[in-house]
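Quick notes on the structure that follows.
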Amino acid sequence: MKNEQERESEFIDRLVHINRVAKVVKGGKRFSFAALVVIGDQKGRVGFGHGKAREVPEAIRKASEQAKRHLIRVPLREARTLHHDVRGRHGAGKVILRAAPPGTGIIAGGPMRAVFETLGINDIVAKSQGSANPYNMVRATFNALKNIDSPRSVAARRGIKVSELQARRNQAGIDA
């Protein structure tokens, strides 16, 4: 029990969106709520969940439970930004995420900002295009985050050392 509470406390969750849905029945309207929650440990793990219920707190609880089950790990550079620029897409929602120098802060729209704050990113520039629907924006952001490669994984895939990969990157920067 105590171990479960410790694990629970390491995550922070952010309510991104609540949608109220009305079902018209013979006696009037029945209201239901849908919640979109993003959860993360601010150390590179993040997840999102969607929950529906008759009351708002119950919908948020369900969404948080789902988010904990669907966590992903994102490699971060210096524990503050991304390793490289990346694009993501879900439906009509498109996002562009760009690594930023120290001191930039989180420059992003509402739903994307919640994802970056819970992920632990401090410096990023992001732009959403197309759909402004929070569900599509969050899913597009997660699609982009899943496509991020760390230099370690790229070096392992190519069969070279990380230092050699960094040297090539620096050499390319000098040539440009």
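The values are calculated or read from the model by the stated rules, or taken from the named source; none is laboratory data. Please read all numbers here as calculations on a predicted model, not as lab measurements. Glycine gets a Cβ as well: all are built from the backbone with ideal geometry, and neighbour counts include every protein chain shown.
Among residues belonging to segment 21-39 that are under 19 Å from Met137 (Cβ atoms) and without any contact (Cβ under 8 Å) to a residue 60 or more places away in the chain, point out the one that is surrounded by the most Cβ atoms within 10 Å (Cβ to Cβ).
Among them, the one singled out is Val37.
Report yes if Ala114 is in a helix (DSSP H, G or I), surrounded by fewer than 17 Cβ atoms within 10 Å (Cβ to Cβ) and of a type in the set (Gly, Ala, Ser), otherwise no.
no
Could we say that Gln42 is at positive phi, outside the structural domain of Asn133 (by TED's automatic domain parsing) and either out of contact with any Ser or Thr (no Cβ under 7 Å at 6 or more places or on another chain) or surrounded by 15 or more Cβ atoms within 10 Å (Cβ to Cβ) (or both) here?
For Gln42, the condition - at positive phi, outside the structural domain of Asn133 (by TED's automatic domain parsing) and either out of contact with any Ser or Thr (no Cβ under 7 Å at 6 or more places or on another chain) or surrounded by 15 or more Cβ atoms within 10 Å (Cβ to Cβ) (or both) - is met.
I'm trying to understand the selection: among the residues of segment 47-88, which are outside any strand (DSSP E or B) and hydroxyl-bearing (Ser, Thr, Tyr)?
Result: Ser64, single match.
Going by the structure shown, is Gly93 surrounded by fewer than 15 Cβ atoms within 10 Å (Cβ to Cβ), more than 25 Å from Arg152 (Cα to Cα), at pLDDT below 95 and assigned by TED's automatic domain parsing to the domain that holds Ser150?
On the way: surrounded by fewer than 15 Cβ atoms within 10 Å (Cβ to Cβ): no; more than 25 Å from Arg152 (Cα to Cα): yes; at pLDDT below 95: yes; assigned by TED's automatic domain parsing to the domain that holds Ser150: yes.
Considered against the rule, which asks whether it is surrounded by fewer than 15 Cβ atoms within 10 Å (Cβ to Cβ), more than 25 Å from Arg152 (Cα to Cα), at pLDDT below 95 and assigned by TED's automatic domain parsing to the domain that holds Ser150, Gly93 comes out as no.
Modelled with pLDDT of 90 or more, in contact with a helix residue (DSSP H, G or I) (Cβ under 9 Å, 6 or more places away or on another chain) and assigned to a helix (DSSP H, G or I) - does that describe any residue in segment 150-169?
No, segment 150-169 has no match at all.
Among Asn136, Asn143, which is modelled with pLDDT of 90 or more and farther than 22 Å from Phe11 by Cβ?
Step by step, each of Asn136, Asn143 is checked, and only Asn136 is modelled with pLDDT of 90 or more and farther than 22 Å from Phe11 by Cβ.
Consider only pairs whose beta carbons are under 8 Å apart and that are at least six residues apart or on different chains; among these, list those whose first residue lies in segment 112-133 and is modelled with pLDDT of 90 or more and whose second residue is crowded, with 18+ Cβ neighbours inside 10 Å and hydroxyl-bearing (Ser, Thr, Tyr).
Here the result reads Met112/Ser128; Met112/Thr141; Val115/Thr141; Ile121/Thr81; Asn122/Thr81; Asp123/Thr81; Ile124/Thr81; Ala126/Thr141, each pair linking segment 112-133 to a residue that is crowded, with 18+ Cβ neighbours inside 10 Å and hydroxyl-bearing (Ser, Thr, Tyr).
Restricting to segment 18-46, what's the tally of residues that are assigned to a strand (DSSP E or B) and either of a type in the set (S, T, N, Q) or modelled with pLDDT under 90 (or both)?
The number of residues fulfilling the criteria is 2.
Which one of these does Gly103 not meet: (1) in the same structural domain as Asn147 (by TED's automatic domain parsing); (2) under 24 Å from Asn147 (Cα atoms); (3) not hydrophobic (A, V, I, L, M, F, W, C)?
Only one criterion in (1) in the same structural domain as Asn147 (by TED's automatic domain parsing); (2) under 24 Å from Asn147 (Cα atoms); (3) not hydrophobic (A, V, I, L, M, F, W, C) is unmet by Gly103, namely (2).
Pick out the one residue from Ala63, Ala67, Ala59 that is farther than 27 Å from Ile148 by Cα, of a type in the set (A, V, I, L, M, F, W, C) and surrounded by 15 or more Cβ atoms within 10 Å (Cβ to Cβ). Walk me through it before giving the result.
On the way: Ala63 fails: farther than 27 Å from Ile148 by Cα; Ala67 fails: farther than 27 Å from Ile148 by Cα.
After ruling out the rest, the residue left standing is Ala59.
Out of the residues in segment 134-149 that are polar (S, T, N, Q) and part of a helix (DSSP H, G or I), which is surrounded by the fewest Cβ atoms within 10 Å (Cβ to Cβ)?
The extreme case among them is Asn143.
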